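For reference, the structure discussed in these notes is given below.
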Amino acid sequence: MAAVDLMKCACDKCLCIVKVETAIDRDGKHYCSEACAEGHKTITGCGHSGCGCSE
Ligand SMILES: [Zn+2]
Ligand SMILES: [Zn+2]
Ligand SMILES: [Zn+2]
């Protein structure tokens with residue numbers, strides 16, 4: 001059985017769990033969304049309610 005590579009979004013405040021194969025790859029880290037990948041410089045939140053970066 002193949003292991004599914006799940007990891008937490010690399011954004012500190014984000015609680016999302018992302019699949020490595022579908023995650024946004026940025027500098028070797030995996031993010032759930034473009035917003036988290038860019039460090040929320042221009043985009044707020046990740047599109048999921050309940051995450052710290054959505055506030
Ligand atoms: Zn999130
Ligand atoms: Zn995220
Ligand atoms: Zn985030």
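The values are calculated or read from the model by the stated rules, or taken from the named source; none is laboratory data. Note that the structure is predicted; figures quoted are calculated from it, not measured. Positions of Cβ are generated from backbone atoms using ideal geometry, with glycine treated the same way; all protein chains shown enter the neighbour counts. These area figures cover heavy atoms from the full protein model, side chains too; ligands, DNA and RNA do not enter into them. Shrake-Rupley method; radii C 1.70, N 1.55, O 1.52, S 1.80 Å.
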Discussion item. Rounded to the nearest percent, how much of the accessible area of the chain (1.4 Å probe, protein heavy atoms only) is carbon and sulfur?
Written reply: 52
Fill in: Size of charge dipole - the chain - debye, nearest 20, with Cβ of Lys, Arg +1 and Asp, Glu -1, no other charges
100
Worksheet, complete the sentence: Rounded to the nearest 0.05, FRET efficiency between LYS41 and ASP5 (Cβ-Cβ, R0 25 Å) equals 0.35
Worksheet item: Solvent-accessible area per residue for the chain at a 1.4 Å probe radius, Å²?
Response: 71
Worksheet entry | Candidates LYS19, LYS41, LYS29: whichever shows maximal mean-square fluctuation once the chain is modelled as a Gaussian network with Cα springs under 10 Å | LYS41
Discussion item. As a test of the formula, what do you get for the chain when each DSSP H run with n ≥ 4 contributes -39,500 (n - 2.57) and the sum is divided by the residue count, at 222 nm and rounded to the nearest 500 deg cm²/dmol?
Written reply: -1000 deg cm²/dmol
Item to complete: List every residue whose amide H lies under 5 Å from the amide H of LYS8, counting only residues 5 or more places away in sequence or on a different chain, with H placed 1.01 Å from N in the peptide plane.
Response: VAL18
Worksheet item: Once the Cα atoms of the chain are picked out, what are the Rg and Dmax in Å?
Response: 11.1, 40
Discussion item. Just to be sure I understand the model, the point goes 7 Å from the Cα along the line to the Cβ. What's the resulting LEU15 to GLU55 distance in nm?
Written reply: 1.1
